[in-house]
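Student: I have a structure here, written as structure tokens, and I will follow up with some questions on it.
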Amino acid sequence: MPDDELVLRSFADGVLTVTLNRPDRLNAWTRTMERQYFTALDEADDDPAVRVIVLTGAGRGFCPGMDTQSLAKAAASVPSIPDPRPMTHGLSVRKPMIAAINGACAGIGLVQALVCDVRFAASGVKLATAFSRRGLPAEFAASWLLERVVGHGHALDLLVSGRPITADDALAMGLVNWVTPADEVVTRAHEYAADLAANCSPLAMAAIKAQVLADWNRTEPEAFEDALVRANDSYGHPDFAEGVNSYIEHRPPQFHPLPPKGTSPDRAS
């Protein structure tokens, strides 16, 4: 696969679909793919037309982790040059990110799914941390992410064992939000994302994402105070009036797009 085609993008209904594109390798992760993917996220975050992002994989896989050739180089102490952006770079994206897990998802691939805000999984797919089975600790903040998504016990089980689990197991743990027929997972994820794009304020969604992430490390009084400040700011924003008026008038809302980073002193950034 040519290096300039490792990440594909398509846009419709306010939703940017980002597709990891190494189908012959089940979309195994490479440093070039990493740079292209993170750049796609940055550009989507700064594009007012993009309101929601869907992440999926081409072909039969989502992402089974680092490509084996890269793993072999690391085992032989051959240095590679990582992108300066962290593997959890998606957490800095202000717009909702929806994972459509269409196939094998492990290691770095699972981390990228965990960084997303909502996860759809195709029935029958397998997910795993895999780190312990490669002689590795929990890399790329996987322990931090997993504990907050599925809780302490499930996180330790998945990380210590590295065992694969089914989509249904993942649903029972809360690791994914929905399990769908395999041929519907991307469609269902896009429908969900399109509903957000059409009916939810981009400014409010960005604020909520920032709140949830920050509240992981806040006390309840701190979270309450931040919510109060954000609410007071929102009452003076046109999106609040539009949200109320569109509801009263039984019509679709016309919310303002989220401006590029650094162009507005809004509370969502």
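Student: Every residue in region 99-156 that is closer than 20 Å to Ile53 by Cβ and among the charged types (D, E, K, R), please.
Tutor: Of everything in region 99-156, those that are closer than 20 Å to Ile53 by Cβ and among the charged types (D, E, K, R) turn out to be Asp117, Arg119.
Student: Which pairs turn up if I take residues in region 212-223 that are within 20 Å of Met97 (Cβ to Cβ) and look for partners that are among the aromatic types (Phe, Trp, Tyr) and modelled with pLDDT of 90 or more with beta carbon separation below 9 Å, at least 6 apart in sequence or on another chain?
Tutor: Trp216/Trp144
Student: Right, another one. Within region 42-69, which residues are within 15 Å of the chain's Cα centre (by Cα) and surrounded by 24 or more Cβ atoms within 10 Å (Cβ to Cβ)?
Tutor: Result: Arg51, Val52, Ile53, Val54, Leu55, Thr56, Gly57, Phe62, Cys63.
Student: Also, I was wondering about something else. Which ones in region 29-56 are touching a residue at least 60 places away in the same chain (Cβ under 8 Å) and of a type in the set (Gly, Ala, Ser)?
Tutor: Ala49
Student: Given the criteria over 20 Å from Cys116 (Cα atoms) and touching a strand residue (DSSP E or B) at 6+ places or on another chain (Cβ under 9 Å), does Pro238 qualify?
Tutor: Values: over 20 Å from Cys116 (Cα atoms): yes; touching a strand residue (DSSP E or B) at 6+ places or on another chain (Cβ under 9 Å): no.
Taking the combined requirement at face value, the residue does not satisfy it.
Student: What's the total number of residues in region 149-162 that are over 19 Å from Gln112 (Cα atoms) and without any contact (Cβ under 8 Å) to a residue 24 or more places away in the chain?
Tutor: 3
Student: Now a separate question. Which of the residues that make up region 210-237 are surrounded by 13 or more Cβ atoms within 10 Å (Cβ to Cβ) and over 25 Å from the mean Cα position of the chain (by Cα)?
Tutor: Result: Asp233, Ser234, His237.
Student: Does region 246-259 hold any residues that are surrounded by 12 or more Cβ atoms within 10 Å (Cβ to Cβ) and closer than 29 Å to Ser92 by Cα, and which are they?
Tutor: Keep residues of region 246-259 that are surrounded by 12 or more Cβ atoms within 10 Å (Cβ to Cβ), which gives 246, 253, 255-259.
Answer for region 246-259, where residues must be surrounded by 12 or more Cβ atoms within 10 Å (Cβ to Cβ) and closer than 29 Å to Ser92 by Cα: Pro253, Phe255, His256, Pro257, Leu258, Pro259.
Okay, residues lined up against (1) under 26 Å from Trp144 (Cα atoms); (2) not in a helix (DSSP H, G or I); (3) not charged (D, E, K, R):
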site: Arg218; (1), (2), (3): yes, yes, no
site: Phe224; (1), (2), (3): yes, no, yes
site: Ala231; (1), (2), (3): no, no, yes
site: Ala241; (1), (2), (3): no, no, yes
site: Val244; (1), (2), (3): no, no, yes
site: Pro253; (1), (2), (3): no, yes, yes
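Student: For region 137-152, does any single residue satisfy the condition of being assigned to a helix (DSSP H, G or I) and in contact with an Asp or Glu (Cβ under 8 Å, 6 or more places away or on another chain)?
Tutor: No.
Student: When region 163-195 is examined, which residues are found to be assigned to a strand (DSSP E or B) and either without any contact (Cβ under 8 Å) to a residue 60 or more places away in the chain or more than 13 Å from Val125 (Cα to Cα) (or both)?
Tutor: Those that are assigned to a strand (DSSP E or B) and either without any contact (Cβ under 8 Å) to a residue 60 or more places away in the chain or more than 13 Å from Val125 (Cα to Cα) (or both): Ile165, Thr166, Trp178, Val179.
Student: Continuing with the same structure: May I ask you to list the residues in region 24-35 that are part of a helix (DSSP H, G or I) and touching an Asp or Glu at 6+ places or on another chain (Cβ under 8 Å)?
Tutor: Arg25, Arg31, Thr32, Glu34, Arg35
Student: Quick one: in region 120-133, which of the residues that are surrounded by fewer than 24 Cβ atoms within 10 Å (Cβ to Cβ) and polar (S, T, N, Q) is modelled with the highest pLDDT?
Tutor: Going through the qualifying residues, I end up with Ser123.
The values are calculated or read from the model by the stated rules, or taken from the named source; none is laboratory data. Note that this is a predicted model, so its numbers are computed, not measured. In this analysis, Cβ positions are derived from the backbone assuming ideal geometry, glycine residues included, and neighbour counts consider all displayed protein chains.
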